[in-house]
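A short write-up of the structure that comes next.
The values are calculated or read from the model by the stated rules, or taken from the named source; none is laboratory data. What you see is a predicted model; the values in this text were computed from it and never measured. Cβ placement follows ideal geometry from the backbone for every residue including glycine, while neighbour counts extend to all protein chains displayed. Quick note on the areas: whole protein, heavy atoms, side chains included, nothing else; ligands and nucleic acids left out. Shrake-Rupley method; radii C 1.70, N 1.55, O 1.52, S 1.80 Å.
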Amino acid sequence: MKIGILTSGGDCPGLNAVMRAFAKYVCSHIEDVKIIGFLNGYTGLIEREYEILEEKDFENLLLAGGTMLGSKRQPFKQITVSDGNNRSKLDKMKETYEKLGLDCLVTLGGAGTHKTAALLASEGCKVIGLPKTIDNDIWGTDVTFGFSSAMEIATECIDRMHSTAASHGRIMLVEVMGNKVGWLTLYAGIAGGANMILIPEIPYDENAVIAFLEKRRREGARYSIVAIAEGAVSVEEAKLKRKEMAALRAARGETTATERLARAIEEKTGVETRTQVIGYLQRGGSPNPYDRAICTLMGSYAGELAEKKKFGVTVALSGGKVTYNSLADIAGKTKSVPPAHQMVKAAKAVGISFGESENKKE
Ligand code: F6P
């Protein structure tokens with residue numbers, strides 16, 4: 001069996017651990033296996049850049065961060081667009097798949113990667129997906145690999161804000177990754193003891209944010225911590241189309257709301273307010289123990305799917321059990337945080353504010 005494998009989109013802890021488990025499974029369960037590793041995501045499939053990998057190449061990868069194959073974003077919108085020579089990237093990918101005589105293609109990636117994987121599957125390629133992303137936004141799986149490790153890092157960063165914020169009596173806004181969804185900010189915010197959590201799914205009211213922080217101050221709190229997702233939006237911004245909002249932010253010279261909100265808070269409350277963007281620290285380094293375990297589970301299960309010739313699917317965890325979903329069913333869907341999610345309710349129960357105006361609160 002000739003198997004192609006690639007890692008696409010933003011990296012995260014656990015990509016190597018999943019590939020290790022997959023390779024160990026297929027090498028020990030399927031006869032005459034050849035693994036072809038495409039370099040830099042779908043780009044390797046398009047440009048036919050790859051390495052022939054042997055079982056030994058997958059050793060010592062459990063703890064290794066990043067991806068040994070390299071990764072790159074290939075915007076989905078450009079996949080079917082002709083390159084000027086009447087060749088779309090999709091055509092080139094299919095050609096590589098056929099020319100190399102692949103029996104299966106394994107794609108490790110997030111929402112965009114899954115969209116392309118579903119397209120390739122609909123074009124006759126035999127694809128198995130694996131759900132990677134620190135954003136945890138892939139439809140149909142309880143959790144994606146990489147999320148737990150990123151949560152641990154983000155939580156430690158928020159933890160460390162408490163002492164410095166307390167020392168100076170400041171308000172600290174900690175920006176957590178998550179451009180479209182707030183899972184990471186929600187979980188790390190709760191775990192890190194943030195007083196306020198701002199996520200894209202629950203647009204914040206600036207006046208409500210300020211009123212909450214002032215009330216805390218009046219009641220004796222020396223400092224406050226706000227966990228804010230990079231994709232957090234105000235109620236006014238939420239009324240705009242995505243492109244309009246991006247244009248407005250570009251005109252203001254900002255990519256996220258964090259700094260603007262911090263300045264508004266400082267101006268209105270008179271309390272020194274600082275920001276901390278955690279950024280790529282959340283994506284770098286080793287997977288944590290939980291991710292190592294689920295990477296092993298998901299990777300070996302993907303190997304089992306290949307052995308059983310079950311294609312056009314992606315691996316998922318559901319109710320603690322490993323399973324699969326059809327790529328066609330999950331492609332293009334986003335698992336956002338439902339505003340009434342039990343974790344949001346739990347956060348509210350312990351006094352965490354989501355920056356909602358009074359009439360919006362449940
Ligand atoms: O992997 C998802 C993510 O971490 C998002 O939360 C973030 O917006 C994005 O990647 C940024 O990634 P890059 O700068 O590598 O494109």
### Task
Mind listing just one residue for me: the one in the range 264-304 that is open to solvent by 10 Å² or more (accessible area, probe 1.4 Å) and among the small types (G, A, S) and, of those, nearest to the ligand (Cβ to nearest atom)?
G279
### Query
Is there a residue in the range 179-187 that is farther than 27 Å from M151 by Cβ, of a type outside the set (A, V, I, L, M) and either under 27 Å from the mean Cα position of the chain (by Cα) or not in a helix (DSSP H, G or I) (or both)?
no
### Query
Does the range 118-133 contain any residue that is among the β-branched types (V, I, T), open to solvent by 10 Å² or more (accessible area, probe 1.4 Å) and within 12 Å of the ligand (Cβ to nearest atom)?
yes
### Selection within the range 256-289 - under 14 Å from E214 (Cβ atoms), out of contact with any Lys or Arg (no Cβ under 8 Å at 6 or more places or on another chain) and in a helix (DSSP H, G or I)
A264, I265, E266, E267, K268
### Task
Look at the range 1-57 and say how many of its residues are assigned to a loop (DSSP other than H, G, I, E, B), out of contact with any Cys (no Cβ under 6 Å at 6 or more places or on another chain), within 16 Å of the ligand (Cβ to nearest atom) and not hydroxyl-bearing (S, T, Y).
7
#### Entry: When residues of the range 31-43 are limited to those that are open to solvent by 30 Å² or more (accessible area, probe 1.4 Å) and farther than 17 Å from K99 by Cβ, the one nearest to the chain's Cα centre (by Cα)
N40
### Selection within the range 74-117 - assigned to a loop (DSSP other than H, G, I, E, B) and surrounded by fewer than 16 Cβ atoms within 10 Å (Cβ to Cβ)
P75, T80, V81, D83, G84, N85, N86, R87, G101
### Query
Would a scan of the range 163-171 turn up a residue that is within 15 Å of the ligand (Cβ to nearest atom), under 17 Å from A262 (Cβ atoms) and not in a loop (DSSP other than H, G, I, E, B)?
no
### Query
Hey, among I5, I46, which residue is surrounded by 20 or more Cβ atoms within 10 Å (Cβ to Cβ) and farther than 21 Å from V315 by Cβ?
I46
### Query
Right, I158: part of a helix (DSSP H, G or I) and within 16 Å of the ligand (Cβ to nearest atom) or not?
no
### Message
Please pick out the residue among A262, A302, A306, A328 that is under 26 Å from N195 (Cβ atoms) and more than 18 Å from the chain's Cα centre (by Cα).
### Response
A262
### Message
Six or more apart or on different chains, Cβ atoms under 8 Å: show the pairs whose first residue is in the range 137-166 and within 16 Å of A229 (Cα to Cα) and modelled with pLDDT of 95 or more and whose second is within 12 Å of the ligand (Cβ to nearest atom) and charged (D, E, K, R).
### Response
D137/K180; F147/D135; A150/R283
### Task
Return yes when L240 is open to solvent by 50 Å² or more (accessible area, probe 1.4 Å), part of a loop (DSSP other than H, G, I, E, B) and farther than 15 Å from D205 by Cβ and no when it is not.
yes
### Query
Mind checking which residues of the range 327-341 are open to solvent by 40 Å² or more (accessible area, probe 1.4 Å) and outside any loop (DSSP other than H, G, I, E, B)?
A328, D329, T334
### Whichever residue in the range 208-237 is under 22 Å from L186 (Cβ atoms) and in a loop (DSSP other than H, G, I, E, B) and, among such residues, is farthest from the chain's Cα centre (by Cα)
A221
### Message
Six or more apart or on different chains, Cβ atoms under 8 Å: show the pairs whose first residue is in the range 262-288 and within 26 Å of N16 (Cα to Cα) and whose second is surrounded by fewer than 15 Cβ atoms within 10 Å (Cβ to Cβ).
### Response
S286/L63; P287/L63
### Residues satisfying the stated conditions in the range 342-359, i.e. open to solvent by 40 Å² or more (accessible area, probe 1.4 Å) and either farther than 21 Å from L261 by Cβ or touching a Pro at 6+ places or on another chain (Cβ under 9 Å) (or both)
Q342, M343, K345, A346, A349, V350
### Query
So which residues in the range 198-207 are in a strand (DSSP E or B) and more than 16 Å from the ligand (Cβ to nearest atom)?
I202, Y204
### Query
On the given criteria, is I158 touching a helix residue (DSSP H, G or I) at 6+ places or on another chain (Cβ under 7 Å) and open to solvent by 10 Å² or more (accessible area, probe 1.4 Å)?
no
